[in-house]
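Heads up: the structure comes next, in structure tokens.
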Amino acid sequence: MNDPINVLTLFLFNIVLINIPLLYGTVGEIVVEKAGSLDLGVEGTMAVGAIFGYLAGCAANSMVVGLLVSFLAAGLCGALFAVLTVSFQANQNVTGLTITTFGLGLYFFVGKGMGERWPAMTVASALVDGFTARELPLLSKIPVLGKVFFSQNLLVYLGVAVAVLVWWYLNFTKTGLRLRAVGENPGAADSVGVNILLYKYVHLIAGSGIMGLGGFYMALNMSGSFEGSNCWINGYGWIAIALVIFANWNPVMAILGTLVFGFFNTLQIYSGALAGAFPGGLGWLNAVPAQLFKALPFIITAIVLIASSVRKKEGSGQPAALGLNYFREER
Amino acid sequence: MKNRQPLFHVVKRESGSPGRQILAYVAAVALALVVGAVLLAVQGVEPLTFYKQMLTMGIPGSRYPWRAVENFIKLFVPLLIVSLALALAFKMRFWNIGGEGQFIMGAFWAGVAAMNLGESLPRPAMVLVMAVAGALGGGVYGLFVAALKVRFGTNETLLTLMLNYIALYFLQFFAETKADWNFFLDPESARPKFAKFPASAQMITIPIGPFNLNLSLVIALALCALIFAYLNYTKRGYEIAVVGDSPNTARYAGMKVGKIVLRTIFISAALIGMAGAFHVSSAGVMSASPTNDVGWTGIVVAWLAKLNTVGILVAAVLITVLQFGCQTASATYPAIDANFANLLQGVILFIVLAADFFTRFKLVRRGGKEAVK
Amino acid sequence: MEERYAIEMRGICKSFGSVAANKDVNLNVKPGEILALLGENGSGKTTLMNMLSGIYKPDSGSIFVDGQEVSINSPEDAKRLGIGMVHQHFKLVDVFSAADNIWLGDDKSGAVLKKDRYDVIRDMAKKFGFDIDPRKKVYNMAVSEKQTLEIVKVLYYGAKIIILDEPTAVLTVQETVKLFDVLRRMKAEGHAIIIITHKLNEVLEISDRVAILRKGEYITTVDTPSTNEQQLTEYMVGRKVELNIQRPVVEKTRPLLEIRDLTIKNDEGALAIDHVSFYIRGGEILGVAGIAGCGQKELCEAIAGLRPIEGGQMIHKGDNIVGLPPKAILEKGISMSFIPEDRLGMGLAPSMSITDNMLLKKYDQSKGPFVDRKTGRAEAKQVIADLEIVTPSTETPVRRLSGGNVQKVLLGREIKAGPNVIVTAYPVRGLDINSSYAIYDILNRQKQDGVGILFVGEDLDVMMGLCDKIMVLCHGKVMGVVHAHKTSKEELGLMMTGALDLSHKYEDKPAGIAKDSRIGENEEVEE
């Protein structure tokens, strides 16, 4: 139990397990931001995806239904964002924040409204089964790493696959190229016949849908227990927005970023255990306040933001037209 | 396919009419209430009775009606001040979404003052010191971002967002750390728990019969008038208007745009910090999450009001009624709580944002006939 | 049988708010033909072409491609119809490579980006005689490279109708020769080409026919072989109209503002003003003539302290004003007003009232913390009365006024401030005759009071009637300074298009340097 290697392995294992929703949220937001839209509604979007996905998944006792509904419900939030900011040219900051307010309101409204009818996850065997760790053949036998990376549940693998897929899509397909052009210079994309409206709508919906998958993951990771005071998402949506910046708008970097942010996030839980297991090397962890670990993702991101604005480097992945609405006849 | 034509063609409207806007807003609120009613009915709650209870905020028939009003004011004052302050920043198109963080910093420094000086200063002086400490705490926190924005063009939206959470965990550190040096905590309690402020650090109230008028309401309303005057009559307010309208024109007129941004953001963040100070002073105790989302809601209020001072007063009342009303009504309806207010708030803003489109743009049918006036 | 046109526009009208950019324009191009579109600043050429490329939609009129009536609702439609436009302001994604900028609009190849696209683009460019590095990022490219890329892009999309908006403005002579070779080859292959250019020699060299626009109106189309520079210039600027503008004779003072060897870059980093020298005396109006974007805006901004200069001197009454902040320049009595095409933008805060806009430069002068709106309102009333501004009240936001009235507010304020040098660009843009005369009167009164005026204009008749001298700019260089009463419209037109250079007319006295210059009087003045 107190075998240091076991504690370490468990710690590393949990970094992955607990923080994969961040990856979903981040990758979703990258897709949205690459289309030139700054959606501050990640938290609300994830919450909506989480609750509807979970309820549908329980009702149908099906993982696929859960994933699908969470994608669609969150996608609807994206569609709402698109209608308001793309078609109606509303301010993106205000719209995004309102999505969060609305989404959280809806989350609690639905959850509370269920009252006694709230389904426990144990009822839905398919969800329990779907969230059980799967050991990948051979790879899982690698000491420590096998447990950490290759003995996770299916949604972990799916999350990484989605990140890699989105990375490939953005950088190696023509639609991805066009999407990036829309976010960089919509006027240029428009002039060569890229349908800005279509690209924005599709990617805002798809990106939000991916965030919704992260919400569904959180629901399962919380064993589907609804609390009236605390939302499952618990600020992950905001961290995801930070992580987008940290990952420099690159989905593969987002995997790495998830591990870095997840490291701090999990360290606050495990600092005691780790200090106990390695009193010599890590005993000082006890002295570090847990709040610092919670704040570190935001501190790091703030530093990254400031540093990149000071250096103004060309390699920044931030879309040049991020946050600006496009109106073709503007002159 | 080559003769495919879109039904409408969007063009910018030359001018908007205020009548149309007010109409849009009334419609938005009404429509939101209808959406809410449907949701309530789905939940098995009788919408009309709920709304009645919500809008009267449980005041009639209450045993302590004045207590309800006092609590309403405690909710209303921070929202009003924060919304006013955010409007200052938004007028210059500075996207300060760091109201939460600035509020927390204000509350924190006010708390520091209260816990350390509370015993030695008389109440009026103490409340003043807390207000100043809160204003400085919030103001400096905002100024930091403004300076980076002016100097390096740092994205203020994302940076203020990050600073919100940094402030939150900073405060939580003091809330959850039991230590000898931590003057915030109650030494009697074994668990970390905020100690009550000394009596002199509690917000001054003016007794009017059974009702205790919270001084911060008077100050907030005075601020309302002051900011109205500041924006509309003073040179500084004039500069804000020009910079917000057209930074190029401001430079052309010889204004120092950077300096104006710094000054205005400092004032904006300082007011938010002061609201934080008033909040903890009125509560008489620190809290680990003192904001009640006022930094976010303030954005909604400011936007609903089109950054207009009088409009902010109206919108802040409306939103507080929604929130406080839902809170009190939830005593009767366990399934519904304050979050229902957030939901309604969201729906109202969605409709207003959509309606704004029709006041800024118009749809023209091809051939020049206007389809929607 | 009627001739088949690759593209034909009939009765096209387009206006922005109250400004009519195109009025009843007709235009056609045959396959295998190069049409030059000629016109002065603001004559609506780019607007017209943007309706072919799908950026704007015409308010009325019809467009035919290959004899079929079409509706072009988006650039996508334009591309599908085989129309490609090379915009003057490049439509390129800075962080993409050259190849990716082209690939963006490619419909032929597969969904996956392959490495061989670089070779495809390079080979294709080579075929047309262009040498581009397909992997080079746009932000690393020189202006001419970007231009080349834009042309290659359109060619790659296989457009049958190719529109080029001032393509030669940023190309070197050799590159221009190359471009023309390409255009001729395209023409031989049956493409229809429309080229917007101001350079008359290029028009004559490359085009088959020339269509001329003037002030948004279609004038005529002529066959290039049967025309010459004089005729084209006349079409472009119109016949001389006798305007009854007063030109009072005033005793001139020593130079108030002297500009020597001034060099300024534009936002794209190209030279906007290239070693320009001139001076303004008190009691004279110096006109500045030139075609769109010949550095007029940059010149005005530099004088007002809003744009850094690359080199040269600006001396006001013997004091160096280079590097001074805008406020200090204002305080010296130099007023600058620039009416941009949308008439708002610089100089006015559009959402604010007339009263507030009156106060823009002097709000800080009143005592106490408050803005003195009483004075502002009084001035607003006076300006409204003097210039016959049509407005519901002094409190109406400026953006609600019609264009002409907006200008009167701006100019009225500038004159109220009592400057000693007035720099004014396009002050009568879009104004009716009466308002224009009101403004000429105002300027003349200022001149009689000993103010030095720099008048950047677009109507040559007006400038010949109003100004004492006219300086002609062509692509940032001075083509010469002529006496307004001695010159002719044709001469000015030829200078504007670069066909005539009078800058070295007098061997003994370089143009733009005053005999009684104050520069050099006091050596400390120089930087």
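A few points about this structure:
- DSSP-defined antiparallel bridges as percent of all bridges, chain C, nearest 5: 55 percent
- Given chain B, longest segment not containing exposed loop GluC sites (Glu not before Pro) (DSSP; at most 16 other Cβ within 10 Å): B:189-373
- Cβ-based exposure ranking for B:264, C:220, in which fewest neighbours within 10 Å come first: C:220, B:264
- 14 Å beta-carbon shell around residue A:240, net charge (K/R +1, D/E -1): -4
- Rounded if a/c under 1.5, otherwise prolate or oblate - region A:138-211, Cα gyration tensor axes: prolate
- Each Lys or Arg adds one and each Asp or Glu takes one away; over the other residues whose Cβ falls under 13 Å from the Cβ of residue C:36, this sums to -4.
- For region B:107-156 and region A:91-133, distance of Cα centres in Å: 37 Å
- ³J(HN,Hα), Karplus 6.51/-1.76/1.60, whole Hz, each residue of region A:221-230, x for Gly, Pro: 5, 8, 6, x, 8, 8, 10, x, 9, 10
- Full extension of the segment from residue C:246 to residue C:62, taken as 0.36 nm per residue of separation minus the current Cα-Cα distance, would add 61.9 nm.
- Three semi-axes describe the equivalent ellipsoid of chain A; taken as square roots of 5 times the Cα gyration tensor eigenvalues and ordered largest first, they are 33, 25, 19 Å.
- Distance from region C:253-304 to region C:26-103 (C-alpha centre basis), Å: 33 Å
- Neighbour cut-off at most 11 other Cβ (10 Å), DSSP loop, GluC sites (Glu not before Pro), region C:132-220: C:189
- Cα centroid of region C:364-395 to Cα centroid of region A:280-301, whole Å: 61 Å
- Sorting the Cα pairs of chain C by distance into bins of 20 Å, from 0 upward, gives 21, 50, 27, 2 percent per bin.
- Inter-label distance for residue B:196 and residue C:374, nm, one decimal - labels placed 7 Å from Cα along Cα-to-Cβ: 5.5 nm
- Counting only DSSP beta bridges with both residues in region C:100-227, the antiparallel share comes to about 55 percent.
- Two-decimal Rg/Rh across chain B, once Rg and the Kirkwood Rh are taken from alpha-carbon atoms: 1.02
- Cα-based Rg / Dmax (Å) for region C:137-228: 14.1, 45
- Restraint check, B:91/B:362; C:14/C:187; B:256/C:327, Cα-Cα greater than 18 Å: B:91/B:362; C:14/C:187
- Pairs of alpha carbons in region B:225-320 whose separation is greater than 16 Å (percent): 66 percent
- Qualifying lysines (Cα of each under 25 Å from Cα of residue A:112; at least 8 residues distant if same chain): B:52
- For region C:247-343, GluC sites (Glu not before Pro) meeting the loop criterion (DSSP other than H, G, I, E, B) and having at most 15 other Cβ atoms within 10 Å: C:251, C:268, C:310.
- Applying 1/(1 + (r/R0)^6) with R0 = 45 Å to the Cβ-Cβ distance of residue A:142 and residue C:142 gives a FRET efficiency near 0.30.
- Percent of Cα pairs exceeding the 42 Å cut-off, where the set is the protein assembly as shown: 52 percent
- Summed over all non-identical Cα pairs, the Kirkwood treatment of region C:444-509 gives a radius of 12.6 Å.
- Stokes-Einstein, applied to the Kirkwood radius of region C:216-287 over Cα pairs at a viscosity of 1.567 mPa s and 4 °C, places its translational diffusion at 77 µm² s⁻¹.
- Put a dot 7 Å past the Cα of residue C:108, heading toward its Cβ, do the same for residue C:441, and the two dots end up 6.6 nm apart.
- As an equivalent ellipsoid, region B:19-160 spans semi-axes of 36, 27, 13 angstrom, where each value is the square root of five times an eigenvalue of the C-alpha gyration tensor, largest first.
- Bridges between two residues of the protein assembly as shown, per DSSP, are antiparallel at a rate of about 60%.
- For the options B:41, B:225, B:288, a Gaussian network treatment of chain B with springs between C-alpha atoms closer than 10 Å singles out B:41 as fluctuating the most.
- FRET efficiency estimate (nearest 0.05) - Cβ-Cβ, residue C:449 to residue B:259, R0 35 angstrom: 0.50
- Local net charge near residue A:202, Cβ-Cβ under 13 Å (Lys/Arg +1, Asp/Glu -1): +3
- With R₀ set to 41 Å, the beta-carbon distance separating residue B:93 from residue A:288 gives a calculated FRET efficiency near 0.55.
- Each residue of region A:198-204 is assigned a 3J(HN,Hα), and the resulting list reads 4, 4, 5, 4, 4, 7, 5 Hz, derived from the Karplus form 6.51 cos²θ - 1.76 cosθ + 1.60 (θ = phi - 60°), x at Gly and Pro.
- Counts of other chain beta carbons within 10 angstrom of each beta carbon in peptide B:45-57 average 0.
- Counting Cβ atoms of other protein chains within 10 Å of each Cβ in C:355-362 and taking the mean gives 3.
- Table column - 3J(HN,Hα) (Hz), region A:169-175, Karplus curve with 6.51, -1.76, 1.60, x for Gly and Pro: 4, 5, 9, 10, 10, 6, 5
- Remark on region A:4-111: hydrodynamic radius 15.0 angstrom, per the Kirkwood mean of 1/r across alpha carbon pairs.
- Taking other C-beta atoms within 10 Å as the exposure proxy, C:264, C:321 rank C:321, C:264 from fewest upward.
- Exposure proxy ranking, count of Cβ atoms within 10 Å, fewest first, for C:186, A:46: C:186, A:46
- Two-site label geometry, residue C:23 and residue C:319: point separation in nm, points 7 Å out along Cα→Cβ: 4.6 nm
- Filter on C:23/C:297; B:74/B:306; B:306/C:57; C:146/C:477; C:30/C:126; C:361/C:447 - keep pairs with C-alpha separation over 29 Å: B:306/C:57
- Partner chain coverage, peptide B:160-172 - average Cβ within 10 angstrom: 6
- Computed from the alpha carbon positions, the gyration tensor of region A:231-277 leads to an equivalent ellipsoid with semi-axes of 24, 14, 6 Å, biggest first.
Since every read-out is calculated from the coordinates, none of them should be taken as a lab result. Since this is a predicted model, take the numbers as computed values, not measurements. Glycine gets a Cβ as well: all are built from the backbone with ideal geometry, and neighbour counts include every protein chain shown.
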